[in-house]
Amino acid sequence: MKKLIRNVLLVLLVLILGFFLLFKFCIPFRNAVIKEASRWQFVRDLVGNEVEDDYENKMVDGNFDSINHTVNDGVAGKLTGYTNIALFGIDSRATDEFEDGIRSDSIIVVSINNDTNSVKMVSVYRDTMLKITDDNDKVQYSKANHAFFKGGANCAVSMLNNNLDLDISEYIVVNFAGLTEIIDKLGGLTLDIREEEIKYINNYIEETSKIAGVKSEKIRKAGEQKVDGVQATAYCRIRYTPFYDEEGKKYSDDLGRTARQRLVLEKMVKKAKKLGMSELIDLVKEIMNMNTEDSTFIKTSLRYNEVMDLVPVLIDYDIKDAAGFPFTLTAPTIKGTSYVVAQGLSYNVQELHKFLFEEEDYEVSKEVEKISKYIRNYTGVKEVHLKEETESEE
């Protein structure tokens, strides 16, 4: 009997040790455990007991209507199988500036394929001329980043839905200080800084450090290096020197800035995926407790359980592709103001749906046709197709 008990204990010890080693060193096994645990109610209750009330009260935007949001006729219910979320980075100089009256420096549509958990991201260039309708139904054609200024998240999400034939019902907005703090909670990121980027990132570091209330050092050398939250946020703001992706493709001006933003977002998610279960839970709790009575860093329409539902997506997160919108564009100056103008909004929306949802023959709504015609007549910018296509300029 003693020998049997000893053998059973030995087997149990080996199993426990094997599980520990698998969890620590086998990433697929560890991620599978975390994915499954995130669905367990007792895990949600465990985390929720510490953060849910504060999260719901301090981070969830009770004024945002996720159900009765603005969607073009014929679009509602068509984009089944996908979860689309709007991410806004606001050009905030203080932690209490968070509603309308502030412009969105970053506008990213994140589209999640619910069957594969693959993710595609599209940055809408902030200077893109689009139709904006405020809460009083007043219409103006202005830069995309002006929508948040006119009516906060409600207006900005409606702008994306109306101009791009989307059905977005959820959003997340973060300011400079919030992005800085999240990156610091992740332990920083590794970025490959080019020589010509150093002076621009250092210019932004001083200002970003003041906004976030966090000290940071200037970048001293080019090359791959670990950066903190202030440095990474400053990197996201660079637009005066080109950005080159891994394939050597060049992005200039705001196109370069949005490419840097997508890169940083990708690196943040990849680093979060490498965390252990307790580390990931601690990170979730810390982010959910970021807002205070005096300062706001993040606002969202997502409720607590909706955030927990995204944990499996985060674990399986695989960015299939990322792009900027519009795909074909020009940058004229109109009445003294520089814009990004789609070379055919209808055509670019068709390309957007092909890119995000693999809809090869998408027909835009009458609303998008109307907006496209107005922009073409107002700016004189003609339709131009992507270079790989054979159609001639119309």
Open item on the list: I need the Kirkwood Rh of segment 191-310: take the reciprocal of the average 1/r across all distinct C-alpha pairs and report it in angstrom.
Closed with: 16.2
Task: Normalised convex hull volume, segment 128-262, alpha-carbon set, Å³ per residue - done: 134
- [ ] Starting from the amide H of Ser118, placed 1.01 Å from N in the peptide plane, find each other amide H under 5 Å away whose residue is 5 or more places distant or on another chain.
- [x] Asn113
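Based on alpha-carbon positions alone, could you give the equivalent ellipsoid semi-axes of segment 89-206 from the gyration tensor, as √(5λ), descending, whole Å? Walk me through the numbers before you get to the answer.
Numbers: eigenvalues 146, 77, 42 Å².
Taking √(5λ) for each Cα gyration eigenvalue gives 27, 20, 14 Å.
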TODO: Rounded to the nearest 0.05, what FRET efficiency do Thr330 and Glu206 give with R0 = 35 Å and r taken as the Cβ-Cβ distance? Could you check?
DONE: 0.55
Open item on the list: Through the Karplus equation 6.51 cos²θ - 1.76 cosθ + 1.60, θ set to phi - 60°, convert the phi angles of segment 369-376 into ³J(HN,Hα) values in whole Hz; use x for Gly and Pro.
Closed with: 4, 5, 5, 4, 5, 4, 4, 4
- [ ] Please turn the phi angles of segment 351-365 into ³J(HN,Hα) values with the Karplus equation 6.51 cos²θ - 1.76 cosθ + 1.60 (θ = phi - 60°), one per residue in order, whole Hz, x for glycine and proline.
- [x] 5, 4, 5, 5, 5, 7, 10, 6, 8, 6, 10, 5, 10, 5, 6
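Mind listing which GluC sites (Glu not before Pro) in segment 205-280 are in a DSSP loop and have 13 or fewer other Cβ atoms within 10 Å? Write down the numbers at each step before the final one.
Details: sites: Glu206, Glu207, Glu217, Glu224, Glu246, Glu247, Glu266, Glu279; in loops: Glu217, Glu246, Glu247.
When the GluC sites (Glu not before Pro) of segment 205-280 are filtered for loop state and at most 13 Cβ neighbours within 10 Å, Glu217, Glu246, Glu247 remain.
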Task: Sequence-distant residues sharing a close amide H with Glu359 (under 5 Å, placed H) - done: Lys354
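Based on the mean of other Cβ atoms within 10 Å per residue, sort peptides 183-193, 332-342 so the most packed one is first. If you can, show how the numbers build up before the last one.
Values: 183-193: 17.2, 332-342: 15.0.
Packing order, densest peptide first, comes out as 183-193, 332-342.
Every number here is computed from the coordinates shown, using simple stated rules; none is lab data. Quick caveat, the model's predicted, so the values are computed rather than measured. Every residue, glycine as well, gets a Cβ built from its backbone with ideal geometry; the counts of neighbours run over all protein chains shown.
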